[in-house]
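S.K.: Here it is, the structure, as structure tokens.
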Amino acid sequence: MIIFIFRLANESLINNNTIEWNHFEILCRDNQTLDSIRQNLTNFYNEFEKNKGKFSANNRRLLRQRIVQLAEQCQKQNISKDVISFAMELANHAYKLPERT
Amino acid sequence: MNVQAGNSAFCFLTCTPKPETLEFARELAQDALQYNVDVFIMIDFNNVNLSDINASPNIQLLQIPNEQCFKHNYRNTIWLGGSRVVTAWDKALLYFNLINKNYSFVWLSEDDVFFPSVQSFRSLHELYSNTSDFIVPSIELNLLGDASYWHWGWANGNFFPPWAHAMVNVIGLSQRMLIAVDNHVQWLGRVPFHEFLFNIIAMHLNYTIVAPPELTTDVWLASYSFEDIRRRPHNLYHPLKNLTIQKLWRQRFVF
């Protein structure tokens, strides 16, 4: 999943011809402890917050859609709830759906 | 979906515009030319001489006599007691409902809301204004109409439950949302308190409400550091009343 988000983010950024986000690669390495993964996710999230304004509105909506789809796949595979919840938060920060009142 | 695409407006709500607000308004207006948003500054104090203000041709300065607001029922929007029954809030709502109704989407922002950059507004506007009726920092529900806490006593008699409220220091309103507000104001004879007015109307009419993450930093009381801003440069921040700090922090940003 992390690899997927990394690719997705990079693709979007490259398509926009804005910035490069090379250090996301670190998320994809094997043999990491849970703590380091958590830290990497936090870094990822922070970078996303700083740079999300450079995504087009359409790309941000697309990002949400794809991240949510991915989170749903993760749920089926019993992947950590922390990761799923991170994905959902990231999806909301890409594009927030209307509130259900 | 929002009623129609078209030009949008952004309006600063001020007592009297400070140089820092004018400077940012100029910058915003220049950038907004590219995506069809007209920038306004509503000036509450009618003793301010507009010809003394060095604005740019891209910014429209507005003043409306208090009497006009009383005549058209635009009063009490932020009133919780005291003598100032009419403020820039009433005047802006009157202006975009009765005087200049051309905009498909209108943003209202108090001048103590901090925008880290013009980009922070632009991305928010482009992301949500075409698909939302009401953009607001949050939605707090009061489903049963319990008037025993907060300012809910003021809602009694103005709205049937369910109720909802939020901080509204910066909000976005679609044209049909503005029309709904005007309908309610004309029925009631005044404007209900702003922190529940918009939320309740949007909820009752089943309009599209978005509380984006970028506005979660619009709160009643907070103290922000530059580091906070740097971590989330696309958020808007309230309150940041020191306009000199606002200006300095904007200058420190390099995207």
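S.K.: In segment B:8-252, what % of DSSP beta bridges are antiparallel (nearest 5)?
M.R.: Rounded to the nearest five, the antiparallel share is 35 percent.
S.K.: Relative to the first principal axis of the alpha-carbon coordinates of chain B, what is the inclination of helix B:19-32, with its axis defined by its Cα atoms, in degrees from 0 to 90 and to the nearest 10?
M.R.: 90
S.K.: Let me ask something else about it. Report the percentage of all Cα-Cα pairs in segment B:8-252 whose separation exceeds 28 Å, rounded to a whole percent.
M.R.: Details: 8579 of 29890 pairs.
Counting every Cα pair in segment B:8-252, those more than 28 Å apart make up 29 percent.
S.K.: Then there is this: How high is the FRET efficiency from A:R61 to B:S83, r the C-beta distance, R0 41 Å, rounded to 0.05? Let's see the in-between values first.
M.R.: On the way: r = 47 Å, r/R0 = 1.15.
According to the calculation, E is roughly 0.30.
S.K.: Turning to a different aspect of this structure: Arrange the following residues from fewest to most other Cβ atoms within 10 Å of their Cβ: A:V68, B:V219, B:V170. If you can, show how the numbers build up before the last one.
M.R.: Working: A:V68 18, B:V219 15, B:V170 26.
Ranked by crowding around the Cβ, least crowded first: B:V219, A:V68, B:V170.
S.K.: Let me ask you something else. Taking the Cα centre as origin and putting +1 on Lys and Arg beta-carbons and -1 on Asp and Glu beta-carbons, what dipole magnitude results for segment B:42-131, to the nearest 20 debye? The partial results should precede the final answer.
M.R.: Numbers: 6 positive and 8 negative charges, 59 e Å.
The calculated dipole for segment B:42-131 is roughly 280 debye.
S.K.: Here's another thing I want to ask about it. Expected output is a single nm value to one decimal: the length gained when fully extending between A:E47 and A:M88, i.e. 0.36 nm times separation in residues minus the C-alpha distance. What is it?
M.R.: Length gained between A:E47 and A:M88: 13.1 nm.
S.K.: Considering the options B:V106, B:Y149, B:I171, tell which one lies farthest towards the positive end of the dipole of chain B, charges being +1 on Lys and Arg and -1 on Asp and Glu at the Cβ, about the Cα centre.
M.R.: Selected residue: B:V106.
S.K.: Another question about this same structure. Compare B:V106, B:V185, B:V168 in a GNM of chain B, Cα atoms joined below 10 Å, and give the one with the largest fluctuation.
M.R.: Per the Cα network of chain B with a 10 Å cutoff, B:V185 tops the list.
S.K.: Which of the three applies to segment B:1-135, rounded, prolate or oblate, going by the alpha-carbon gyration tensor with a ≥ b ≥ c and a/c under 1.5 meaning rounded? Write down the numbers at each step before the final one.
M.R.: Working: a/c = 1.78, a/b = 1.26, b/c = 1.41.
Here segment B:1-135 falls in the oblate category.
S.K.: Could you give the size of the charge dipole of chain B about its Cα centre, using +1 on the Cβ of each K and R and -1 on the Cβ of each D and E, expressed in debye and rounded to the nearest 20?
M.R.: Rounded to the nearest 20 debye, it is 140 debye.
S.K.: Next question, about the same structure. Listing B:H194, B:H204 from the residue with the fewest other Cβ atoms within 10 Å to the one with the most, what is the order?
M.R.: Working: B:H194 24, B:H204 17.
In increasing order of surrounding Cβ atoms, one gets B:H204, B:H194.
S.K.: Ok, one more. With each pseudo-label sitting 7 Å past Cα toward Cβ, what's the B:Q68-B:F253 distance in nm, one decimal?
M.R.: Inter-label distance under the simple model: 3.3 nm.
S.K.: Which one, B:T244, B:T14, B:T87, has the greatest fluctuation when you compute a Gaussian network model over chain B with C-alpha springs under 10 angstrom?
M.R.: B:T244
S.K.: Measure nothing but the geometry: give the 0 to 90° angle between the long axis through the Cα atoms of B:194-204 and the longest principal axis through the Cα atoms of chain B, rounded to 10°.
M.R.: 60
S.K.: Let me make sure I get this right: for the protein assembly as shown, a, b and c are the square roots of the gyration tensor eigenvalues over alpha carbons, sorted descending. Under 1.5 in a/c it's rounded, otherwise prolate if a/b > b/c, else oblate. Which is it? Spell out each step's value before the answer.
M.R.: Details: a/c = 2.13, a/b = 1.55, b/c = 1.37.
Verdict is prolate for the protein assembly as shown.
S.K.: Which residue fluctuates most in the GNM of chain B (Cα springs below 10 Å): B:W150, B:W163, B:W89?
M.R.: It is B:W150.
Each reported figure results from applying straightforward, stated rules to the coordinates on display, with no laboratory input. Since this is a predicted model, take the numbers as computed values, not measurements. Positions of Cβ are backbone-derived with ideal geometry, glycine not excepted, and every protein chain shown enters the neighbour counts.
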